[in-house]
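The values are calculated or read from the model by the stated rules, or taken from the named source; none is laboratory data. Bear in mind that the values here come from a model prediction, so they are computed numbers and not experimental data. FYI the Cβ positions are ideal-geometry reconstructions off the backbone, even for glycines, and counts take in every protein chain you see.
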């Protein structure tokens, strides 16, 4: 059967740009044909206007993003319909999971105040982006880094949305390198900006491009052109770009990280705990860094816990059907099942291998990687110190229940490298005030300052009377015959 | 035991009876395997008809990397390992009887399929001798050939002696058939040396070349049969009809040799079962899936294994041989980066 070909233009500075030569990205029943970058196009990307977005007020940017959200609310919006139709065919994720990703995007950009609050939490004061703010004996201001290069991973559509929105609200221009695995989500999001206003400075501050992982020419070119690089991905991707990050360029890495949960089952007071765990495992089909892969549970009725967890996995599979994976993925899951059964561990899965729960009684390693795809290991622990053995700098999010246990464990966890202690059941959306991976918007701006005149003293310190006699700070022109120096601060 | 039989019914009956015997033995003698079978509620009494063979519990290769799985006195066995360069390796414990069974299959196939006998051939093995091979299975077992036929090994201390190989090939007496044997990667090294030296040979028409082992080049890129065959022609003057690949892995005790149609034949007493990736149920002949097998030729470990390979089986061949024919497709990929998610450490899961 002939595959459907989707011809897509590049987006450079918000404009659709066709090309003579195309790269073909092959999927099961679809081909994406996308223009190849040449010198002229690369120059056009670098020529994106940095001043226009810089000169916008934050409120104008978030207003614009809010108007984008109105489009995406509408189920009949053509680009949303396109994402729902083609997204699953490209990434294998279910349409329902795309719908959920859009829902989280809308949470992020629907409320102007929410975006402004994010800036407040992370920069300390939203006015920094628009104004020079008096602080002590000076005025400070946040300047965008300039040109950001976003390397988007294809595991979760939200990655591209989140990365771009943060680049925009800090007034940067953004070069997006799309992922082959989930090409369309970020691409269509970017294209929708032109439907709000094709000439808006926000629209014109984005280019959506593609190059392969072995395309050293483009990797080098755009790395060298970036003032900041935001790279989402595994070891190889991070290493590839980190090694090319120019001196003076900010390098921000998201991943590779893993997550887990710790449960004090006997003291649990939330009836739907197991259902909430199943939600955290199922969301994004467990392909996010914040998705738990292991549950460490202490309690007397683990059997009840396991049964209810499985019921939860079944329920969430109905809400968010499992992704369509490669044969290798399912074989991997079956290897795990057989291997653990050989060890005497019990493994439960549905017939279609949409999920897998393994109770680890025999800890012998089976020499197989975690397959993700809603595979959760449950390990019974005798005390919570045992849980700490599983924590290192690679662990990002730890979901804990009940509340009292969070307080008890938080210092030990964060000391070991954990960046977020989460409530069970909403791992996909950190609560207001927190920030993913602990990476704040500070990293996307430069804090600049201007001193007020020397006589201005909103702040001064009381030095000992003879301090400047001992430590001479400045010299001063003096009349002939007088001693040099010994100029005091006041 | 395994052997080639000519009648389809005979093959079926023999395979069933040999595997049934073998299963009963391993169920009795290997404790961890027995527990696994008990978990699956499968005992020797359940083996009543040929179709029941498909339900025999099979061990994934990962278990051989984690546990000692042995049905004999472990101390009296040779520990054979896979040549895997990444991560843990499989450890298979073979007693004398099991190794002998493997070698007997080689000798029988070599005679029946290629007309090779102890007297009429000289083996040029690119690998090391059995003594130098250590525990690595394919190198070890091919190193054993010197006890059966006139064999010279060209790997010493990890160094491939291409110059000596070429000199020996040139000076080989014409009354013996040349048998060249090695892993595809080793042949690639020979060709690289020959290319550098600007040398090529025209070996006699009755020369036979066997490859066995992984199909990866030095850079990790997969090699194709066609590409390798082209190089055999270029450097040795050998055509496709003189080149045969052999399929084996450390967990299997039976090699599959290619016939003149370049199909890999499975002897009676061995059953390849191709399974669906999702359900792990047996798929119909000709359909691709995960390759698993039931090999009755091992007495020291249960050779009832789910492999890391994708392939298919068919029945019969134009060459006239009856029984299963194996078609290798590729290895299963279980190591894949998925975005920013770091997969849980193997030791934790």
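Key figures for this structure:
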read-out: Within the range B:40-85, tally of residues that are touching a residue at least 24 places away in the same chain (Cβ under 8 Å) and either within 12 Å of chain A (Cβ to nearest Cβ) or under 24 Å from the mean Cα position of the chain (by Cα) (or both); value: 23
read-out: Any chance residue A:86 is in a helix (DSSP H, G or I) and more than 26 Å from residue A:169 (Cβ to Cβ); value: yes
read-out: Residue check, residue B:117 within 22 Å of residue B:203 (Cα to Cα), touching a helix residue (DSSP H, G or I) at 6+ places or on another chain (Cβ under 8 Å) and surrounded by 15 or more Cβ atoms within 10 Å (Cβ to Cβ); value: no
read-out: Scan of the range B:14-39 for residues that are surrounded by fewer than 19 Cβ atoms within 10 Å (Cβ to Cβ) and within 12 Å of chain A (Cβ to nearest Cβ), ordered by number; value: B:31, B:32, B:34, B:35, B:38, B:39
read-out: Filter pass, residue A:369 being more than 17 Å from residue B:333 (Cα to Cα), assigned by TED's automatic domain parsing to the domain that holds residue A:315 and in a loop (DSSP other than H, G, I, E, B); value: no
read-out: Matching residues, the range A:443-482, being outside any loop (DSSP other than H, G, I, E, B), surrounded by 10 or more Cβ atoms within 10 Å (Cβ to Cβ) and at pLDDT 85 or above; value: A:443, A:444, A:445, A:446, A:447, A:448, A:449, A:451, A:467
read-out: Strands (runs of 3 or more DSSP E) enclosed by the range A:215-269 - at least 2 residues per element that are away from every other protein chain (no Cβ under 14 Å) and under 19 Å from the mean Cα position of the chain (by Cα); value: A:228-232, A:250-254
read-out: Identity of the residue in the range B:298-338, within 14 Å of chain A (Cβ to nearest Cβ) and part of a loop (DSSP other than H, G, I, E, B), that ends up farthest from residue B:5 (Cα to Cα); value: B:337
read-out: Filtered residues of the range A:270-291 (kept if in contact with a strand residue (DSSP E or B) (Cβ under 9 Å, 6 or more places away or on another chain), under 23 Å from residue A:158 (Cα atoms) and away from chain B (no Cβ under 14 Å)); value: A:276, A:277, A:278
read-out: Residue list for the range A:392-418, filter: in contact with a strand residue (DSSP E or B) (Cβ under 7 Å, 6 or more places away or on another chain) and without any contact (Cβ under 8 Å) to a residue 60 or more places away in the chain; value: A:406, A:410, A:413, A:417, A:418
read-out: Test result for residue A:136, surrounded by fewer than 17 Cβ atoms within 10 Å (Cβ to Cβ) and more than 27 Å from residue A:322 (Cβ to Cβ); value: yes
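Residues are listed down the side, and each one gets a yes or a no for (1) away from every other protein chain (no Cβ under 11 Å); (2) crowded, with 16+ Cβ neighbours inside 10 Å; (3) touching a helix residue (DSSP H, G or I) at 6+ places or on another chain (Cβ under 9 Å); (4) over 19 Å from residue A:261 (Cα atoms):
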residue	(1), (2), (3), (4)
A:344	no, no, yes, yes
A:349	no, yes, yes, yes
A:355	yes, yes, yes, no
A:368	no, yes, yes, yes
A:379	no, yes, yes, no
A:388	yes, yes, yes, no
A:395	no, yes, yes, no
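Per-residue answers, yes or no, for (1) at pLDDT below 90; (2) within 14 Å of chain A (Cβ to nearest Cβ):
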{"site": "B:222", "(1), (2)": "yes, no"}
{"site": "B:233", "(1), (2)": "no, no"}
{"site": "B:242", "(1), (2)": "no, no"}
{"site": "B:259", "(1), (2)": "no, no"}
{"site": "B:263", "(1), (2)": "no, no"}
{"site": "B:282", "(1), (2)": "no, yes"}
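This table checks each residue for (1) surrounded by fewer than 24 Cβ atoms within 10 Å (Cβ to Cβ); (2) under 18 Å from residue A:442 (Cα atoms); (3) more than 14 Å from chain B (Cβ to nearest Cβ).
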{"site": "A:144", "(1), (2), (3)": "yes, yes, yes"}
{"site": "A:151", "(1), (2), (3)": "no, no, no"}
{"site": "A:165", "(1), (2), (3)": "yes, yes, yes"}
{"site": "A:171", "(1), (2), (3)": "no, yes, yes"}
{"site": "A:178", "(1), (2), (3)": "no, no, no"}
{"site": "A:192", "(1), (2), (3)": "yes, no, yes"}
{"site": "A:196", "(1), (2), (3)": "yes, no, yes"}
